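Novice: Take this structure first; my questions come after.
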């Protein structure tokens, strides 16, 4: 098809208009723990849904940031390394490479230029910086506190990770232990966090779960 000067100018104007009026969207999925030999069906389930949404946003004229990264620190990776008798660094590098290979094969449209890894010093220097700022502000302190403890995974569990008295990962009977641990005083900002939730478009049961997790307490009725 041949375009005249006027038609070409109109096309350029439309392209420029769309570029300058493009809405910016940020689509984020939970970064996986590279603590296994590969992705499982849960990964594919959540990442496929997010990828469909990101592609839809792009097709409807939005500028989309859709990053991927690796939550590579923590006891799950350590336990995997112990079980396979290899160093955690080696396990993390090998598993991360395989996870990424599988994601590419699945055709996900992640922005790999924004890939992050929590074991990268350029990344975790900022989490350390944030913690120091919390500590300096009196918002982080050490306390003796009871936790749910899985004797098999050798890890503390949230209440949501305990199913019928057992660990959701390995089904071992969960113990209750008191240990010294760092806590962050998010309850100091409970009102602001709860008010912020009211402005979101989360479904109500998600909002309720978040409010319960924030844990605002107004006293006890006896």
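The values are calculated or read from the model by the stated rules, or taken from the named source; none is laboratory data. Bear in mind that the values here come from a model prediction, so they are computed numbers and not experimental data. Neighbour counts are summed over all protein chains in view; Cβ atoms, including those assigned to glycine, are modelled from backbone coordinates with ideal geometry.
Novice: With in contact (Cβ under 8 Å) with a residue 12 or more places away in the chain, in contact with a strand residue (DSSP E or B) (Cβ under 6 Å, 6 or more places away or on another chain) and part of a helix (DSSP H, G or I) as the only criterion, which of 193, 134 stands out?
Specialist: 134
Novice: So residue 38 fits all but one of (1) surrounded by 11 or more Cβ atoms within 10 Å (Cβ to Cβ); (2) farther than 25 Å from residue 157 by Cα; what number is the exception?
Specialist: All conditions pass for residue 38, except number (2).
Novice: Suppose we filter 149, 129, 182 for residues that are in a helix (DSSP H, G or I) and either touching a residue at least 12 places away in the same chain (Cβ under 8 Å) or within 28 Å of residue 68 (Cβ to Cβ) (or both); which single one remains?
Specialist: Step by step, each of 149, 129, 182 is checked, and only 129 is in a helix (DSSP H, G or I) and either touching a residue at least 12 places away in the same chain (Cβ under 8 Å) or within 28 Å of residue 68 (Cβ to Cβ) (or both).
Novice: Further question: Need the failing condition index for residue 129 against (1) at pLDDT 95 or above; (2) surrounded by 13 or more Cβ atoms within 10 Å (Cβ to Cβ), just the number.
Specialist: Among (1) at pLDDT 95 or above; (2) surrounded by 13 or more Cβ atoms within 10 Å (Cβ to Cβ), the lone unmet condition for residue 129 is (2).
Novice: Same structure again: For residue 109, which of the numbered conditions (1) under 30 Å from residue 184 (Cβ atoms); (2) at pLDDT 95 or above; (3) outside any helix (DSSP H, G or I) fails to hold?
Specialist: Condition not satisfied by residue 109: (1).
Novice: Kindly establish whether residue 72 is buried (at least 16 other Cβ atoms within 10 Å of the Cβ) and at pLDDT 90 or above.
Specialist: no
Novice: Determine whether segment 153-168 contains at least one residue that is assigned to a loop (DSSP other than H, G, I, E, B), at pLDDT 90 or above and surrounded by 11 or more Cβ atoms within 10 Å (Cβ to Cβ).
Specialist: Among the residues of segment 153-168, not one is assigned to a loop (DSSP other than H, G, I, E, B), at pLDDT 90 or above and surrounded by 11 or more Cβ atoms within 10 Å (Cβ to Cβ), which makes the answer no.
Novice: Among the candidates 72, 54, which residue alone is touching a residue at least 12 places away in the same chain (Cβ under 8 Å), part of a loop (DSSP other than H, G, I, E, B) and in contact with a strand residue (DSSP E or B) (Cβ under 7 Å, 6 or more places away or on another chain)?
Specialist: None of the other options fit; the residue is 72.
Novice: Residue under question is residue 92, and the condition is that it be surrounded by 17 or more Cβ atoms within 10 Å (Cβ to Cβ), part of a helix (DSSP H, G or I) and in contact with a helix residue (DSSP H, G or I) (Cβ under 7 Å, 6 or more places away or on another chain); does it hold?
Specialist: yes
Novice: I've got another one for you. Kindly check whether there is at least one residue in segment 164-178 that is over 27 Å from residue 76 (Cβ atoms) and free of Cβ contacts under 8 Å to residues at least 12 places away in the same chain.
Specialist: No: zero hits.
Novice: Which pairs do you get when a residue that is within 24 Å of residue 183 (Cβ to Cβ), found in segment 198-218, comes within reach of a residue that is surrounded by 10 or more Cβ atoms within 10 Å (Cβ to Cβ) and at pLDDT 85 or above, reach meaning Cβ atoms under 6 angstrom, with the pair 6+ apart or on two chains?
Specialist: Sorted first by the residue in segment 198-218, then by its partner, the pairs are 207/197; 210/197; 211/194; 214/190; 214/193; 216/190.
Novice: May I ask you to say which residue of 123, 80 is under 18 Å from the mean Cα position of the chain (by Cα) and either crowded, with 18+ Cβ neighbours inside 10 Å or closer than 30 Å to residue 188 by Cα (or both)?
Specialist: Only one candidate passes the filter, namely 123.
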